[in-house]
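Written out below as structure tokens is the structure these notes cover.
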Amino acid sequence: MADVAVVGGGISGIACARALADAGLTVDVLDRGQRLGGRLAVQTLRDTGTPFDGRVVDVGAAYFTVSDPQFAAVVDDWVDRGKARAWTDTFHVADGTGLLGTKLGPMRYAAPRGLRSLVEDLAVALPSDLVSIAHPVDVESVDVTAEGAVIAGSTYRAVALCGPDPQMRAVMSGTTAADDALAHAPLWEPVLALTAVYDERTWPEVDGVFVNDDPVLSFIADDGRRRGDDAPVLVAHSTPVLAAGHLADPITAAPLMLGALDRIVARSEPAWFSVKRWTYARPAQAREEPCYFDGVVGLAGDAWDGKPRTEAAWLSGTALGQRIAAGISA
Ligand SMILES: Cc1cc2nc3c(=O)[nH]c(=O)nc-3n(C[C@H](O)[C@H](O)[C@H](O)COP(=O)(O)OP(=O)(O)OC[C@H]3O[C@@H](n4cnc5c(N)ncnc54)[C@H](O)[C@@H]3O)c2cc1C
């Protein structure tokens, strides 16, 4: 039996597994997805009636930014090997009627094969004699006993719950110290992601668009420019309020989202579209602490380490792996 179970194969869980393996511990990573990556998610286009079938589209995180030197080293390695690319530091701003101008910000990074490929790249590099990755495996419950954490009859010295608080709270059975930490979680906001595939580009040169003061859309990405192949594909993220009203049947939000996309940037009908639901897209804010560990149960993800974003998820998972290693090796 492995020393530690990591529930969640998103970027925080894989970073946690890396830190545990670096300390010589054995790890079982369990994820319920068909593929690893969590919210660094892609959709493969199929039956669109366009030449773009087989192409992947980023339907989760739109991009990531880098400020921490440790994460920067990981990103530099991706860039050197062609896995990630510096996309742009200039986004447009818009309101519900159209583009207003541009705004300079930090460099945003993307991945030619989609952001999920970066998590898969981290996972492939894990030492197979120490880390085993199983998916799809839906962890139904984690029981804390005097011996450790029990998952499906297997007892681990510790468990790392790496992902959205509501999803991780759902697997904890009984009342534990970690349950209390999860109960005081930040609010998690939903988002709908609309993918629209066009026959040709009909919009001005934009990379990403922050949409302000609009009840329907909050952000638009040009997926062709983001991924570097110039395919005429846009991805639009809804506001949390719009998503909350359409979670039961996301496709019913499509007319509103397409209408806003058309008004703000596209100026034409797509050849194909789909809508992806994220019930727990982002925490409204993140806790300042990098992670939580009570001796048996650990928590990590983008609701930790100060900023609710991809970089924080990697830092939080890494910090948790190091804390568990220090705690159970002592
Ligand atoms: C629409 C959208 C837009 C975003 N935009 C940005 C952005 O522009 N910039 C940015 O930096 N970040 C952005 N993010 C946030 C970014 O995606 C996250 O910060 C990051 O992916 C979090 O990684 P994680 O490993 O903490 O969680 P996740 O990626 O959510 O991983 C959790 C994993 O746990 C698994 N899991 C859950 N429950 C169970 C269970 N019971 N058993 C087994 N496995 C389970 C899930 O399958 C999942 O793979 C965005 C997210 C969304 C959804």
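Taking ALA160, is it within 16 Å of the ligand (Cβ to nearest atom), farther than 30 Å from VAL233 by Cα, open to solvent by 10 Å² or more (accessible area, probe 1.4 Å) and within 22 Å of the chain's Cα centre (by Cα)?
It is false that ALA160 is within 16 Å of the ligand (Cβ to nearest atom), farther than 30 Å from VAL233 by Cα, open to solvent by 10 Å² or more (accessible area, probe 1.4 Å) and within 22 Å of the chain's Cα centre (by Cα).
From the list VAL137, VAL159, pick out the single residue that is assigned to a loop (DSSP other than H, G, I, E, B), out of contact with any helix residue (DSSP H, G or I) (no Cβ under 6 Å at 6 or more places or on another chain) and in contact (Cβ under 8 Å) with a residue 24 or more places away in the chain. Before you say what the answer is, go through the steps one by one.
On the way: VAL159 fails: assigned to a loop (DSSP other than H, G, I, E, B).
When all the criteria are applied, what remains is VAL137.
Out of all the residues in segment 107-134, which are in a strand (DSSP E or B), within 25 Å of ASP207 (Cα to Cα) and not small (Gly, Ala, Ser)?
MET107, ARG108, TYR109
Checking ALA149 against (1) open to solvent by 10 Å² or more (accessible area, probe 1.4 Å); (2) closer than 22 Å to SER12 by Cβ, only one condition comes out false. Which one?
With respect to (1) open to solvent by 10 Å² or more (accessible area, probe 1.4 Å); (2) closer than 22 Å to SER12 by Cβ, ALA149 is out only on (1).
Within segment 127-146, take every residue that is surrounded by 19 or more Cβ atoms within 10 Å (Cβ to Cβ) and more than 10 Å from the ligand (Cβ to nearest atom) and give me the one that is nearest to PHE91 (Cα to Cα).
Out of the qualifying residues, it is ILE133.
Of everything in segment 277-290 that's among the charged types (D, E, K, R) and either surrounded by 19 or more Cβ atoms within 10 Å (Cβ to Cβ) or part of a loop (DSSP other than H, G, I, E, B) (or both), which residue is farthest from the ligand (Cβ to nearest atom)?
Quick first cut of segment 277-290, residues among the charged types (D, E, K, R) only: 277, 282, 287-289.
Then keep just the ones that are either surrounded by 19 or more Cβ atoms within 10 Å (Cβ to Cβ) or part of a loop (DSSP other than H, G, I, E, B) (or both); that gives 282, 287-289.
Numbers: ARG282: 5, ARG287: 13, GLU288: 16, GLU289: 15 Å.
Among those residues, the one meeting the criterion is GLU288.
Of (1) open to solvent by 60 Å² or more (accessible area, probe 1.4 Å); (2) outside any strand (DSSP E or B); (3) away from the ligand (no atom under 14 Å from the Cβ), LEU104 satisfies all except one. Which?
Among (1) open to solvent by 60 Å² or more (accessible area, probe 1.4 Å); (2) outside any strand (DSSP E or B); (3) away from the ligand (no atom under 14 Å from the Cβ), the lone unmet condition for LEU104 is (2).
Can you tell which of PHE64, PHE52, PHE71 is of a type in the set (Phe, Trp, Tyr) and away from the ligand (no atom under 12 Å from the Cβ)?
PHE52
Which residue is surrounded by the fewest Cβ atoms within 10 Å (Cβ to Cβ), if the candidates are limited to segment 292-306 and must be of a type outside the set (Asp, Glu), within 13 Å of the ligand (Cβ to nearest atom) and on the phi > 0 side of the Ramachandran plot?
GLY306
When only residues in segment 1-43 that are assigned to a loop (DSSP other than H, G, I, E, B) and either more than 30 Å from VAL197 (Cβ to Cβ) or among the hydroxyl-bearing types (Ser, Thr, Tyr) (or both) count, which is most open to solvent (accessible area, probe 1.4 Å)?
MET1
Regarding segment 79-88, can at least one residue be identified that is assigned to a helix (DSSP H, G or I) and at pLDDT 95 or above?
Residues of segment 79-88 assigned to a helix (DSSP H, G or I): 79-80.
From what is left, the residues that are at pLDDT 95 or above are 79-80.
Yes, segment 79-88 has at least one match.
In the list ALA325, ALA313, which residue meets the criterion of being of a type in the set (Gly, Ala, Ser), within 16 Å of the ligand (Cβ to nearest atom), at pLDDT 95 or above and surrounded by 16 or more Cβ atoms within 10 Å (Cβ to Cβ)?
Values: ALA325 fails: within 16 Å of the ligand (Cβ to nearest atom).
When all the criteria are applied, what remains is ALA313.
Looking only at segment 165-184, which residues are over 20 Å from GLU289 (Cα atoms) and open to solvent by 30 Å² or more (accessible area, probe 1.4 Å)?
ALA170, SER173, GLY174, THR175
Just checking, how many residues over segment 185-243 are within 18 Å of the chain's Cα centre (by Cα) and surrounded by fewer than 16 Cβ atoms within 10 Å (Cβ to Cβ)?
2
The values are calculated or read from the model by the stated rules, or taken from the named source; none is laboratory data. Note that the structure is a prediction, hence the values are computed from the model and not measured. Cβ coordinates were reconstructed from backbone atoms using ideal geometry, including for glycine residues, and neighbour counts include every protein chain displayed. We work out accessible area using only protein heavy atoms, side chains counted, and drop any ligands, DNA or RNA first. Shrake-Rupley method; radii C 1.70, N 1.55, O 1.52, S 1.80 Å.
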